[in-house]
Amino acid sequence: MKRFIYFSLFIFILLPAINMKAQNKTSNNPFFTEWDTPFQAPPFDKIKTEHYLPALEEGINIKRAEIERIIDNPDKPTFENTIAAIEKSGELLNKVSRVFFNISGSNSNDEIQKIAETITPQLSKLHNYIYLNEKLFERIKSINDEKEKLNLTPEELKVLDNYYTDFVRNGIGLDAVKKERLKEINKELSMLSLKFGNNLRKETNALALIINNKEDLVGLPDAVIQGAAELAKHNGLEGKWAFNLQRPSFTPFLQYSERRDLREKLYKAYLKRGNNNNEYDNKDIIKKMISLRSEKVKLLGFKTYADYKLVKNMAKTPENVFKFLFDLWKPALEKSKREEREMQKIIDEEGKNYELAGWDWWYYAEKVKKAKYDLDEGMLRPYFKMENVRQGAFDVASKLYGIQIVKRDDIPVYDSDVEVYEVKEADGTHIGLFYTDYFPRSGKRAGAWSSSFRGQSDMDGKFITPLIVNVGNFSKPTDNQPALLSLDEVHTLFHEFGHALNGLFSKSIYPGAKRSPVDFIELPSQIMENWALNPAVLKMYAKHYKTGEPIPDELINKITNSQYFNKGFEAVEYLAASLLDMDWHTAMDLTNIDPIQFEDSCLNKIGLIPEIASRYQSTNFNHIFGGDGYSAGYYGYYWAAVLDADAFGAFLENGLFDKTTAEKFRRFILEKSGSDDPMNLYIQFRGREPKPDALMARFGFNK
Ligand SMILES: [Zn+2]
């Protein structure tokens, strides 16, 4: 999800190749030597920027030569001499690229960026060399054709299927004309996506509201006013206040501004992004993209783009996704209507003579929150010192899985903020290393994610232990206080640690058996968030950073009481966008489509109330048009939420730290995700398919 980047997997898939110059394999380049550090962790104290490029290029060279050898093997293709051989290839490339791409995300500089720019085209050439290689595909196909007779394990079948479908989805089976057309379509689609995203960036960053008079800022908190003054100054409007359509600028204005007319102006501008009939208009781009996507998947033999995308996911078919979304839609809509009535009551009590509109929602929701829950973030932070929260996450994992997590000071790190822990079984058996890198620095991307310097594998009887890292941009310590996290950051820390446990506990033979679909991959992470704010767990770790006093029950109650706040609204805007995504990608008649009419008819059909807009409008729906990752996939966030709520239900039924339930979760989900069908794994854990009831309860739909 938003917080998780599977760098490493991506890199694996991007393997590619090229003509090599003679490499300068100097003995002092650590990538060309065995690492003698504890657990063969990367020797960051010895790795220098100039070591990356020669090692990457040599790694590409070797990988290509290994693939050539697999193709030239005169023996009949077997799983071992083809699939397993591909999995074993590229050892050097994996070793260096995992380190390099992690560093380029978390500790970059101009030199690192230059190396990335140099190596990326070489990596995509290697990718094309592999995935457009007819001879290699022939070997894979012949194995795939007789897979039933080969006695393969579920994991081997999964890895074989990944390769086979990757080749097919790259168009390997098409005739020359169609293959050429597919290449053109892919190229055009990627240019259109890029243009869509660029247009949207322009529209979002444009100043949508400029305020000249101080009185017009009425209601806004000081920090918001300060930010607006800086934005104005940055745009040459010193002395004024400006707002753009980025969420950090837009949302607080709608939450706090008492000027209803200005809220309306900003809100309408937000919804119109990409739909202003100017040079940044996205309507024509959408029309072209939808039509090209449809043409592409028809070449590949699919009915609709959604069919093409979903066959790789847990959901499998558009029908399943629609059913899933509609089951949630009705109760979500009902709850949002109750929320609306609550706000209308405040409007009436204030003696205002109007009906709640879309631009009023944030403003009155804020009033409901204060009146009903009296919750203020400033009261909570002192209980969320980073070290305490991290220890809380560790203690939860120790109680569930019986593991020990011990600080190590003898492992090299790439920055003094980075800390390393050894994760061990109860009996002391080494599991892997866990690195934390939680604070912002220049050279680190925004957001939070989980990645690895080395993934677990077990080929040829050699068990390789994982090296997992969590990266964040949490509130930093200051001169007079430690790092005190926000509620959202507490969630994020537990979330990423869930991904980390997934990587640490992984027990597959092949590295290629760690690919989970977009609607499953968030289960291990999202489930950890359930423990973060559980009252019993809060008592364990949320201690005042000055006094060491555990968090008082009064505060815990406020957190618990506000858990259903605005959940109807959140679900409705999300589900509306998910349904819009699905409508676009299952549309059959694409002649003369007007994107705005198409969207209106989709949202009218489902009965969306006018006080709530879809979370994105088609012309600013970057998830589905700015790239391909979430097209016919935006539903995936809630799909995984159903899984995590239902899975956590097993702990609520059997005990928050029930060992048997935890053992099953570890064995079937954390160890095996990616190496078998996700639904099979889930059923083995839960004894049945997931039910949406627990998610409904979490939203308070039944309240
Ligand atoms: Zn995640």
Tabulated pairs, segment 447-468, first open to solvent by 20 Å² or more (accessible area, probe 1.4 Å), second charged (D, E, K, R) and away from the ligand (no atom under 16 Å from the Cβ), C-beta under 6 angstrom, 6+ apart or interchain: 459/88
Complete set of residues in segment 607-645 that are open to solvent by 20 Å² or more (accessible area, probe 1.4 Å) and not in a loop (DSSP other than H, G, I, E, B): 622, 623, 637, 638, 639
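Looking for whichever is within 21 Å of the chain's Cα centre (by Cα) and among the acidic types (Asp, Glu) here; the options are 489, 425. Which one fits? So that I can check it myself, show each step before the final result.
Details: 425 fails: within 21 Å of the chain's Cα centre (by Cα).
Only one candidate qualifies: 489.
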Pairs with Cβ under 8 Å, 6+ apart, first in segment 60-78 and closer than 24 Å to residue 32 by Cα, second modelled with pLDDT under 95 and open to solvent by 40 Å² or more (accessible area, probe 1.4 Å): 60/20; 61/20; 61/23; 64/129; 67/129
Close pairs (9 angstrom Cβ cut-off, 6 or more residues apart or separate chains): in contact (Cβ under 8 Å) with a residue 24 or more places away in the chain in segment 243-261, loosely packed, with under 14 Cβ neighbours inside 10 Å and of a type in the set (Val, Ile, Thr) anywhere: 257/218; 258/218; 259/218
Residue ID - nearest to the ligand (Cβ to nearest atom), chosen from residues in segment 541-555 that are surrounded by fewer than 20 Cβ atoms within 10 Å (Cβ to Cβ) and not in a loop (DSSP other than H, G, I, E, B): 555
Candidate set from segment 221-242 (those that are closer than 14 Å to residue 255 by Cβ and under 31 Å from the mean Cα position of the chain (by Cα)); member that is most open to solvent (accessible area, probe 1.4 Å): 223
Hits in segment 491-540 - residues which are away from the ligand (no atom under 15 Å from the Cβ), part of a helix (DSSP H, G or I) and either touching a Phe, Trp or Tyr at 6+ places or on another chain (Cβ under 6 Å) or open to solvent by 10 Å² or more (accessible area, probe 1.4 Å) (or both): 535, 536, 537, 539, 540
Breaking point among (1) under 19 Å from residue 522 (Cα atoms); (2) touching an Asp or Glu at 6+ places or on another chain (Cβ under 9 Å), for residue 698: (2)
Cβ-Cβ under 7 Å pairs, at least 6 apart or on other chains, segment 158-173 side polar (S, T, N, Q), far side part of a helix (DSSP H, G or I) and at pLDDT below 90: 170/131
Number of positions in segment 509-566 that are over 30 Å from residue 152 (Cα atoms) and among the basic types (Lys, Arg): 4
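Checking the condition crowded, with 21+ Cβ neighbours inside 10 Å and either within 20 Å of residue 160 (Cβ to Cβ) or in contact with an Asp or Glu (Cβ under 9 Å, 6 or more places away or on another chain) (or both), which residue from 93, 126 passes? Lay out the reasoning, then the answer.
Working: 126 fails: either within 20 Å of residue 160 (Cβ to Cβ) or in contact with an Asp or Glu (Cβ under 9 Å, 6 or more places away or on another chain) (or both).
Step by step, each of 93, 126 is checked, and only 93 is crowded, with 21+ Cβ neighbours inside 10 Å and either within 20 Å of residue 160 (Cβ to Cβ) or in contact with an Asp or Glu (Cβ under 9 Å, 6 or more places away or on another chain) (or both).
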Condition check for residue 582: within 16 Å of the ligand (Cβ to nearest atom) and surrounded by 15 or more Cβ atoms within 10 Å (Cβ to Cβ): no
Segment 439-490, subset of a type in the set (Phe, Trp, Tyr) and within 23 Å of residue 530 (Cβ to Cβ), residue farthest from the ligand (Cβ to nearest atom): 474
Which listed residue, of 65, 85, 116, is among the aliphatic types (A, V, I, L, M), farther than 19 Å from residue 444 by Cβ and touching a helix residue (DSSP H, G or I) at 6+ places or on another chain (Cβ under 7 Å): 85
Among the candidates 438, 421, residue that is more than 18 Å from residue 108 (Cβ to Cβ), free of Cβ contacts under 8 Å to residues at least 60 places away in the same chain and among the aromatic types (Phe, Trp, Tyr): 421
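Per-residue answers, yes or no, for (1) modelled with pLDDT under 95; (2) within 30 Å of residue 134 (Cβ to Cβ); (3) open to solvent by 40 Å² or more (accessible area, probe 1.4 Å); (4) away from the ligand (no atom under 16 Å from the Cβ):
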position	(1), (2), (3), (4)
4	yes, no, no, no
36	no, no, yes, yes
42	no, no, no, yes
51	no, no, no, yes
58	no, yes, no, yes
78	no, yes, yes, yes
103	no, no, no, yes
112	yes, no, no, yes
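Of the residues that make up segment 252-269, is at least one of a type outside the set (Ser, Thr, Tyr), open to solvent by 50 Å² or more (accessible area, probe 1.4 Å) and modelled with pLDDT under 95? If you could, list the steps in order and put the result at the bottom.
The initial filter retains those residues of segment 252-269 that are of a type outside the set (Ser, Thr, Tyr), namely 252-255, 258-266, 268-269.
Checking the rest, the ones that are also open to solvent by 50 Å² or more (accessible area, probe 1.4 Å) come to 258-261, 264-265, 268.
In the following step, the residues that additionally are modelled with pLDDT under 95 were identified as none.
Among the residues of segment 252-269, not one is of a type outside the set (Ser, Thr, Tyr), open to solvent by 50 Å² or more (accessible area, probe 1.4 Å) and modelled with pLDDT under 95, which makes the answer no.
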Check on residue 27, at pLDDT below 95, of a type in the set (Gly, Ala, Ser) and within 16 Å of the ligand (Cβ to nearest atom): no
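The values are calculated or read from the model by the stated rules, or taken from the named source; none is laboratory data. Worth saying up front: this structure is predicted, and the values here are computed from it rather than measured. Please note: Cβ atoms are built from the backbone with ideal geometry, for glycine as well, and neighbour counts cover all protein chains shown. Ligands, DNA and RNA are excluded from the accessible area calculation, which covers all protein heavy atoms including side chains. Shrake-Rupley method; radii C 1.70, N 1.55, O 1.52, S 1.80 Å.
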